[in-house]
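Only one structure is covered here, and it is reproduced in the block below.
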Amino acid sequence: MKKCLLAASILSANFSCLGKEINDVIIAGVDIIHFDIMDNHYVPNLTIGPIVLKSLRDNGMKNIIDVHLMTKPVDNLIISCAKAGANYITFHPECSNHIDRSISLIKKYGCKVGLAFNPSTSLNYLDYVIDKLDLILIMSVNPGFEGQKFIPKIINKIIQTRNIINEKKKDVLLSIDGGINIKNINKIVNSGANILVLGSTIFKNILSSKEIIKQIKIKLDKIKNFC
Ligand code: DX5
Ligand code: ZN
């Protein structure tokens with residue numbers, strides 16, 4: 001049985017003290033820092049970019065960073081995020097003119113590749129590229145904002161994706177992003193997720209990030225059946 005990993009989406013963090021916010025969640029035990037880059041074009045919001053990523057690395061941050069690129073075009077940012085210190089780079093197929101080329105670019109610059117699927121994006125893309133992926137990101141909200149409600153019918157899409165992975169490429173990670181909270185974790189993990197991305201649940205909770213991460217981990221330890 002694989003362990004389910006926790007990713008903290010820093011979109012919900014307090015940007016006036018980002019370094020400390022990240023340090024706190026790492027000490028509390030998250031496995032991955034999820035770094036949302038938005039361009040006010042592909043999605044109606046604007047966030048941070050490779051400069052901030054590089055400053056985290058320059059400041060000694062060594063943990064795994066998954067850059068979730070919500071930008072169109074995407075290829076130039078793939079290069080600058082790889083140079084700035086990304087481990088995984090995850091992009092949306094709609095953002096690339098040549099998906100296969102963008103995948104190769106990520107690999108060329110030494111990063112692992114993720115492909116992200118919006119709630120209404122077909123999984124058919126997987127037919128052609130699954131063998132080249134390290135991670136599949138299933139969006140359980142429409143991209144652009146933190147704090148949205150989990151779309152219930154995405155549970156079926158997670159199950160469908162898990163089945164495809166088990167049939168075709170067992171070692172690709174299945175990550176779920178958007179609207180995840182302590183109440184819906186069970187269902188999501190039992191549907192086959194390997195990584196849970198949490199933003200507002202971790203950073204905008206009445207509990208401290210340390211306490212909520214502890215509670216989530218206790219809950220995850222009790223879930224027996226996944227993957
Ligand atoms: C949405 C982002 C998510 C978001 C998650 O476009 O990709 O990573 O920050 O935030 P919550 O967990 O609050 O939905
Ligand atoms: Zn994200």
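Points to keep in mind about this one:
- Excluding exposed DSSP-loop trypsin sites (Lys or Arg not before Pro) (at most 14 other C-beta within 10 Å), longest clean stretch of the chain: 63-148
- Amide H within-cut-off set for Ile195, under 5 Å, with H built and near neighbours excluded: Leu5, Leu174, Ser175, Ile176
- Rounded to the nearest 20 debye, dipole of the chain from Cβ charges on Lys, Arg, Asp, Glu: 640 debye
- Debye log10 I(q)/I(0) at q = 0.15, 0.18, 0.20 Å⁻¹ for the range 187-227, Cα point scatterers: -0.39, -0.55, -0.65
- For the range 45-50, putting each phi into the Karplus relation 6.51 cos²θ - 1.76 cosθ + 1.60 with θ = phi - 60° gives couplings of 7, 10, 10, 9, x, x Hz, in residue order, rounded to whole numbers and with x for Gly and Pro.
- In sequence order, the range 110-123 has phi-based couplings of x, 10, 7, 10, x, 10, 9, 10, 5, x, 9, 8, 6, 6 Hz under the Karplus curve 6.51 cos²θ - 1.76 cosθ + 1.60, θ = phi - 60°, and Gly or Pro positions carry x.
- The chain: calculated mean residue ellipticity at 222 nm from DSSP helix runs of at least 4, using -39500 (n - 2.57): -10500 deg cm²/dmol
- Cα-Cα separations in the range 27-110 greater than 17 Å, expressed as whole percent: 44 percent
- Per residue, the accessible area of the chain comes to 47 Å² when a 1.4 Å probe rolls over the protein heavy atoms.
- In order along the range 195-211, the Karplus-derived 3J(HN,Hα) couplings, from 6.51 cos²θ - 1.76 cosθ + 1.60 at θ = phi - 60°, round to 10, 10, 9, 10, x, 4, 4, 7, 9, 10, 9, 5, 7, 5, 4, 4, 5 Hz, and Gly and Pro are given as x.
- Proportion of all alpha-carbon pairs of the range 1-68 beyond 20 Å (%): 27 percent
- Rg [Å, one decimal], Dmax [Å, integer] - the range 94-138, C-alpha atoms: 10.2, 30
- Accessible carbon and sulfur surface of the chain relative to its total accessible area, %, 1.4 Å: 52 percent
- Accessible area (Å², 1.4 Å probe, nearest 10) - Phe203: 30 Å²
- An ellipsoid equivalent to the range 5-221, defined through the eigenvalues of its Cα gyration tensor, has semi-axes of 24, 22, 15 Å when rounded to whole angstrom and sorted largest first.
The values are calculated or read from the model by the stated rules, or taken from the named source; none is laboratory data. What you see is a predicted model, and the numbers here were worked out from it, not measured in a lab. We place every Cβ from the backbone using ideal geometry, glycine too, and count neighbours over all the protein chains shown. Accessible surface is based on the protein model in full, side chains and every heavy atom, while ligands, DNA and RNA are left aside. Shrake-Rupley method; radii C 1.70, N 1.55, O 1.52, S 1.80 Å.
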